[in-house]
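Notes follow once the structure below has been shown.
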């Protein structure tokens, strides 16, 4: 029996099992979360390729699963990443029922998790692009449902990821077979352009962010958070694996400078539009683009500390988005999430409003929230390396915080009606727990950062 | 030289024509029939670099993809939810002129864009270029799920013609075939969701 086989088969079985409980969201959430957590434990700590005993039986789990001549391998270089992925999944599934997402989130979500895990395991890793395409397909099913039937965002996501898949597959083939190095500048330029196109789509670099605002506006906030976390985490690991595997890529003149410029453009674009939005969900969509931009700035430093910060920011995003989405789902009780419709929402659901606002503030990097330490550390790193990028981070902080304040004002405004949206005790515990975690990680970042950055420890070229 | 290679020009021209028809036709029955015919010629071009059995498997996957979309359309009614985007001009004459221009551009580009691929035949490279160009044009014109799905399947077919010459491994072939089926399933899901029916996937 091989570890990748166990991981992917159990994920599929869990997905099928969850589908049986379609009218019991709590059971679905519990099975998905516990199952994902157990799979994370398996990925992180199982003994590979050496026999061991379980209940008196000798068991040997191999690291390699051969499928049609290609190998899926769980090894030291990727097991932490797979573990991180399943733990993030467990965290998101655990709180999902509070947000009442569509039923697809659980079983299609588990399949998406398996697909991203397969993208980490597949060798050669270039074929990960195909699994990202499958994840995008699943993402469409998570975003669009009978409760939220608008399909524009989902269709755009599918189109963009299909184009990205093709660009990355061709670029990958060029890198592997045409002897592309810094000594072959013309080929290197072609391959880099194709890779840049592929990763621009995956990282939602404008104008390839086109799927995000319509998806944010029309989908369940929790479904959007799940999809974004999954796709972006997979994309970041994929990008880092490229940088790790092709040494010449890191020596392409101006590459990291270009990544930083793209990051600056994303930060400016996202923050300006976040402040101008009149839809609460779209504010988060543009805050996310800003956050992806900040992550690219971290990658664009081209130094191990920068890569670690990018991973840390990716981990923090899981908490930020989950907290925001749980709160937003409580206060958005109808499709209209405009300024007027949400006026006084803090009186209808105080904890929900607090959760949504703290999630947004943390996404902005507000002090004493989970998003702050990573941005502060990045700002310190960029101060000497690229002051302009540092100013962009400050601009992002100011704009997204201003947007958060503007919406605080709306949520605290005079309510238009006397409705009260009651929450059960368990819902309150989850919402308050999320808020507490956001603040706790802001005060004690060492609880999360060192652990998340370990996820890429196997990339020995990037983290010598 | 086998007859498949000898008459490959037929397949190359046929994929250009079917790609163009997919943009020009509005009748969904005809669109799906044309897509199925397109898969036959795509398989022909793929067969220039792969064994016949593998090519047959790709053809079957393509036809199943057509069948999946057809079943969804049969459920919601073949004419249901046909939407034309308001912002994009989409009259027949406009589309015809656009198709002609894009085909001319594709002929101009021809096999040059695949010059890095060592084993691809001239006709296969033209076929791949035609399909990708037509697919992209289709995506530019429409936001309606069936048309978008057909556009995506056309682009991927074009990509596969070129990619199979450089990466003929069975695993990749199987994964790419699954991409066709996956896109068909997603498009069917979107059609059924919109029509208010509870699709199978939702239980």
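Here residue A:384 passes the criteria (1) within 26 Å of residue A:299 (Cβ to Cβ); (2) in a helix (DSSP H, G or I); (3) at pLDDT 90 or above except the one numbered (3). Evaluation of residue A:140 against the conditions (1) assigned to a helix (DSSP H, G or I); (2) under 16 Å from the mean Cα position of the chain (by Cα); (3) more than 8 Å from chain B (Cβ to nearest Cβ) shows that the sole unmet condition is (3). Counting only helices (runs of 4 or more DSSP H) wholly contained in the stretch A:143-221, the ones carrying 3 or more residues that are modelled with pLDDT under 90 and surrounded by fewer than 20 Cβ atoms within 10 Å (Cβ to Cβ) occupy A:152-177, A:185-202.
Restricting the stretch B:100-128 to residues that are part of a loop (DSSP other than H, G, I, E, B) and either within 14 Å of another protein chain (Cβ to nearest Cβ) or in contact (Cβ under 8 Å) with a residue 24 or more places away in the chain (or both), the residue that is surrounded by the most Cβ atoms within 10 Å (Cβ to Cβ) is B:120. Of all residues in the stretch B:192-202, at least one satisfies being more than 8 Å from every other protein chain (Cβ to nearest Cβ), free of Cβ contacts under 8 Å to residues at least 12 places away in the same chain and assigned to a helix (DSSP H, G or I). Taking the stretch B:157-176 as the region of interest, how many residues are surrounded by fewer than 24 Cβ atoms within 10 Å (Cβ to Cβ) and part of a helix (DSSP H, G or I)? Residues meeting the conditions: 11.
The values are calculated or read from the model by the stated rules, or taken from the named source; none is laboratory data. On a predicted model such as this, the values are computed, not experimentally measured, just so you know. Every residue, glycine among them, receives a Cβ derived from its backbone with ideal geometry; neighbour counts consider all protein chains shown.
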